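Participant: Quick one: the structure is below, and I'll ask about it shortly.
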Amino acid sequence: MIPDADSLATAARKATKRGPAPVHLWNPPFCGDLDMVIKRDGTWLYLGTPIGRAPLVRLFASILRKDGEDYFLVTPGEKVGITVEDAPFVAVDFTLSGTGRAQSLTFVTNVEDTATAGPDHPVRIVRDPDTNEPAPYILIRANLEALIDRKSFYRLIDACEITDHDGQPWFGLWSGGVFFPICPEADLFAD
């Protein structure tokens, strides 16, 4: 019997209350690829159609795993491949507490995961090789990152300071006792 949407939504609510499934402990057989895509903006598509039910997306997100460069939905009984265009999650907001080296930034994703930037949840910046535009990411859990959305990245810039890093002054931010460099201070004023 195929479960109805309400049954899936109830299962999704229960799953998200418990948090992500222990997919790292499961080693089921690979069952092929699904026509499922996570777009760069965080939209989940199945057969080219957006999945409109947020609880169902959260359920899928709770069983997502990355092995090497490949993404899978994993249950104790099966493992199916999916496509992820960039990062599987989008950090859509953050809260800031403290200042300077005592500052903490806690991010929330489009699937309601939270992570406080620090040693276990590093922030990294990747520059587009053609445009030099920064793309910021935070590690959410077990090889799964969130692209930090543009509005949050602009807010992060306000939380940055210049700090000596590897013997040079860098523009970056502190969180969880860790300094995350964004760019050398000299690049702030370069043409």
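The values are calculated or read from the model by the stated rules, or taken from the named source; none is laboratory data. Note that the structure is predicted; figures quoted are calculated from it, not measured. Positions of Cβ are backbone-derived with ideal geometry, glycine not excepted, and every protein chain shown enters the neighbour counts.
Participant: Does LEU64 satisfy the criteria of being at pLDDT 95 or above, closer than 30 Å to ASP158 by Cβ, surrounded by 15 or more Cβ atoms within 10 Å (Cβ to Cβ) and in contact with a strand residue (DSSP E or B) (Cβ under 9 Å, 6 or more places away or on another chain)?
Facilitator: Working: at pLDDT 95 or above: yes; closer than 30 Å to ASP158 by Cβ: no; surrounded by 15 or more Cβ atoms within 10 Å (Cβ to Cβ): yes; in contact with a strand residue (DSSP E or B) (Cβ under 9 Å, 6 or more places away or on another chain): yes.
Taking the combined requirement at face value, the residue does not satisfy it.
Participant: Let me ask something else. Give region 137-158 a look and list any residue that's within 16 Å of PHE94 (Cβ to Cβ), surrounded by 16 or more Cβ atoms within 10 Å (Cβ to Cβ) and in contact (Cβ under 8 Å) with a residue 40 or more places away in the chain, or say none. Working first, answer last.
Facilitator: Here is the first cut: in region 137-158, the residues within 16 Å of PHE94 (Cβ to Cβ) are 137-140, 145-158.
With the extra rule that they be surrounded by 16 or more Cβ atoms within 10 Å (Cβ to Cβ), the set shrinks to 137-140, 145-149, 152-153, 156.
Correct list: TYR137, ILE138, ILE140, GLU145, ALA146, LEU147, ILE148, ASP149, SER152, LEU156.
Participant: Moving on to the next point. For the condition touching a residue at least 40 places away in the same chain (Cβ under 8 Å), among the hydrophobic types (A, V, I, L, M, F, W, C) and under 28 Å from LYS39 (Cα atoms), what is the one hit in VAL178, VAL111?
Facilitator: Details: VAL178 fails: under 28 Å from LYS39 (Cα atoms).
Sole residue among the options that is touching a residue at least 40 places away in the same chain (Cβ under 8 Å), among the hydrophobic types (A, V, I, L, M, F, W, C) and under 28 Å from LYS39 (Cα atoms): VAL111.
Participant: Could you list, ordered by first residue, the pairs with Cβ atoms under 9 Å in which the first is in region 48-74 and free of Cβ contacts under 8 Å to residues at least 12 places away in the same chain and over 23 Å from ASN27 (Cα atoms) and the second is crowded, with 17+ Cβ neighbours inside 10 Å and of a type in the set (Phe, Trp, Tyr), at least 6 apart or interchain?
Facilitator: Final answer for the pair search is PRO50/TRP44; ILE51/TRP44; ILE51/PHE60.
Participant: Tally time: how many residues in region 137-150 are modelled with pLDDT under 95 and not aliphatic (A, V, I, L, M)? Quick ask: steps written out before the conclusion?
Facilitator: Of region 137-150, the ones modelled with pLDDT under 95 are 141-143, 150.
If we keep only those that are not aliphatic (A, V, I, L, M) too, we end up with 141, 143, 150.
Residues meeting the conditions: 3.
Participant: Of PHE171, PHE153, PHE179, which residue is more than 10 Å from the chain's Cα centre (by Cα), not in a strand (DSSP E or B) and not β-branched (Val, Ile, Thr)?
Facilitator: On the way: PHE171 fails: not in a strand (DSSP E or B); PHE179 fails: not in a strand (DSSP E or B).
From the options PHE171, PHE153, PHE179, the qualifying one is PHE153.
Participant: Looking at ASP120, is it touching a strand residue (DSSP E or B) at 6+ places or on another chain (Cβ under 6 Å) and either under 28 Å from ALA54 (Cα atoms) or charged (D, E, K, R) (or both)? Give the derivation first.
Facilitator: Details: touching a strand residue (DSSP E or B) at 6+ places or on another chain (Cβ under 6 Å): no; either under 28 Å from ALA54 (Cα atoms) or charged (D, E, K, R) (or both): yes.
In short, no.
Participant: Please verify whether region 111-118 includes one or more residues that are of a type in the set (A, V, I, L, M) and in contact with a Lys or Arg (Cβ under 7 Å, 6 or more places away or on another chain).
Facilitator: Narrowing region 111-118 to residues of a type in the set (A, V, I, L, M): 111, 115, 117.
When the remaining residues are screened for being in contact with a Lys or Arg (Cβ under 7 Å, 6 or more places away or on another chain), the result is 111.
Looking through region 111-118, at least one residue is of a type in the set (A, V, I, L, M) and in contact with a Lys or Arg (Cβ under 7 Å, 6 or more places away or on another chain).
Participant: Residue under question is THR109, and the condition is that it be β-branched (Val, Ile, Thr) and either within 9 Å of the chain's Cα centre (by Cα) or at positive phi (or both); does it hold? Break it down into steps so the answer makes sense when it comes.
Facilitator: Numbers: β-branched (Val, Ile, Thr): yes; either within 9 Å of the chain's Cα centre (by Cα) or at positive phi (or both): yes.
Spelling it out, THR109 is indeed β-branched (Val, Ile, Thr) and either within 9 Å of the chain's Cα centre (by Cα) or at positive phi (or both).
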